[in-house]
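See structure below.
The values are calculated or read from the model by the stated rules, or taken from the named source; none is laboratory data. These figures come from a predicted structure and were not determined experimentally. As a convention, Cβ positions derive from the backbone with ideal geometry for all residues, glycine included, and neighbour counts pool all protein chains shown. The accessibility values were calculated without ligands, DNA or RNA, using every heavy atom of the protein model including side chains. Shrake-Rupley method; radii C 1.70, N 1.55, O 1.52, S 1.80 Å.
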Amino acid sequence: MKKENIFVTRPTLPPLEEFVPYLQQIWDNKILTNGGPFHQQLEKELCKYLGVEHICLFTNCTIALVTALQALRINGEVITTPYSFVATSHSLLWNGIKPIFVDIDPITLNLDPAKIEAAITPQTTAIMPVHCYGHPCDVEAIQKIADNYNLKVIYDAAHAFGVQTQTGSLLNYGDLSVLSFHATKVFNTFEGGAIVCHDAKTKQRIDHLKNFGFVDEVTVVAAGINGKMSEINAAMGLLQLKDIDSALQKRKVVDAMYRQLLQGISGISCLQNTGEKTANYAYFPILLSQDYPFSRDELYQKMHDAGIYVRRYFYPLISEFPMYRGMPSAAFANLKVAHQTANSVICLPIYPELEMQDIERIVNLIRG
Ligand SMILES: *Cc1c(COP(=O)(O)O)cnc(C)c1O
């Protein structure tokens, strides 16, 4: 029997017929973009669902990251993590900002607060951490450093949709948090993203920046970009939001199943859930140690050969790509934990429809 290929993720989609009435409305009112009714409604509903004060929708997370840095007028040097998707650092280069890489914590795999201070120089203006895999950064420690040195904090929260801490939404920490609604993320609008901010004035500035800098018909206040989300994407978001709780619940079951079945396999460890009240189970990374009989790449190949398309997120490190490699902070000795992690990680398939028998097949391959 030919077994079906399994990919690291599979986008959640609503029934097509439920999307048709939204399309009908767009065709009727002829409003396709520029902050139309679905755009406005999605901003409102997301604020409510996520538990945040203000949100600005974007065409994708990368443009939102670039705009977030501009909204706070960040320049000079920004401290960030090499253990992320390349867009995190690319958003700095697009603003002419120098990324300064700091190593990660071996437990959370997020920026290690204990190592931030040593990387601060007179040019440092901000910290851009990532809530990697949706696991919260040490937000209190990072804020303390930011306060001491008068730095801004912009979280790349592309993985952190819906994550709640003991005190509310994780997205309320820092000056800004930036979300991705890309097809591969837990909540998708096909392509999309958003900036979460804390006050109406900042929201207004971001809304100007994402619309070429226009304030009104004749006034342009900044060299803004076109970062607007279209009505089709916003409509998809409204529909996806109806089902998000059940999707997250199904992910939780997959996560628990993996943890149970992987227990006791020598040389394999799962990431601890760290401090969050509600996780989003966006990814399921495992780390291989010396005790595992195969190398990480051998296991990766074995799984691909069996039609299970696991991914090595995040290998290579951002600091290894040519546009970053020569920077002093990209040196191996500065990023030992990140290198060790990048060389031992595999992200297993996780999505709401992943079936029990698939999970067993995956774990049996790992068990060997
Ligand atoms: C997906 C992702 C992005 C980019 O998101 P897009 O919406 O595809 O632009 C940025 N940062 C991280 C950490 C991501 O995982």
Could you grab me the full set of residues in the range 41-55 that are assigned to a helix (DSSP H, G or I), within 16 Å of the ligand (Cβ to nearest atom) and under 18 Å from the mean Cα position of the chain (by Cα)?
Leu46
Given the condition β-branched (Val, Ile, Thr) and surrounded by fewer than 20 Cβ atoms within 10 Å (Cβ to Cβ), answer yes or no: does some residue in the range 239-261 qualify?
yes
Which members of the range 93-115 meet the condition of being surrounded by fewer than 23 Cβ atoms within 10 Å (Cβ to Cβ) and either in contact with a strand residue (DSSP E or B) (Cβ under 6 Å, 6 or more places away or on another chain) or closer than 26 Å to Leu271 by Cα (or both)?
Ile97, Lys98, Asp105, Pro106, Ile107, Thr108, Asp112, Pro113, Ala114, Lys115
Inside the range 102-118, can you point out the residues that are more than 18 Å from the chain's Cα centre (by Cα) and either over 15 Å from Cys132 (Cα atoms) or charged (D, E, K, R) (or both)?
Asp103, Ala114, Lys115, Ile116, Glu117, Ala118
Between residues in the range 232-259 that are closer than 19 Å to Pro285 by Cα and residues that are of a type outside the set (Val, Ile, Thr) and in a helix (DSSP H, G or I), which pairs lie under 8 Å by C-beta distance while being six or more apart or on different chains?
Met257/Met356
When the range 26-46 is examined, which residues are found to be open to solvent by 80 Å² or more (accessible area, probe 1.4 Å) and without any contact (Cβ under 8 Å) to a residue 60 or more places away in the chain?
Trp27, Asp28, Lys30, Gln40, Lys44
Quick one: count up the residues across the range 262-301 that are within 30 Å of Asp243 (Cβ to Cβ), outside any loop (DSSP other than H, G, I, E, B) and open to solvent by 20 Å² or more (accessible area, probe 1.4 Å).
2
Looking for something free of Cβ contacts under 8 Å to residues at least 60 places away in the same chain, within 16 Å of the ligand (Cβ to nearest atom) and either in a loop (DSSP other than H, G, I, E, B) or within 22 Å of Gln41 (Cβ to Cβ) (or both) - is there at least one such residue anywhere in the range 198-221?
no
Do any residues in the range 157-176 that are among the charged types (D, E, K, R) have Cβ atoms under 8 Å from those of residues that are away from the ligand (no atom under 15 Å from the Cβ), where the two are at least six apart or on different chains, and which pairs are they?
Asp175/Leu72; Asp175/Lys152; Asp175/Val153; Asp175/Cys197; Asp175/His198
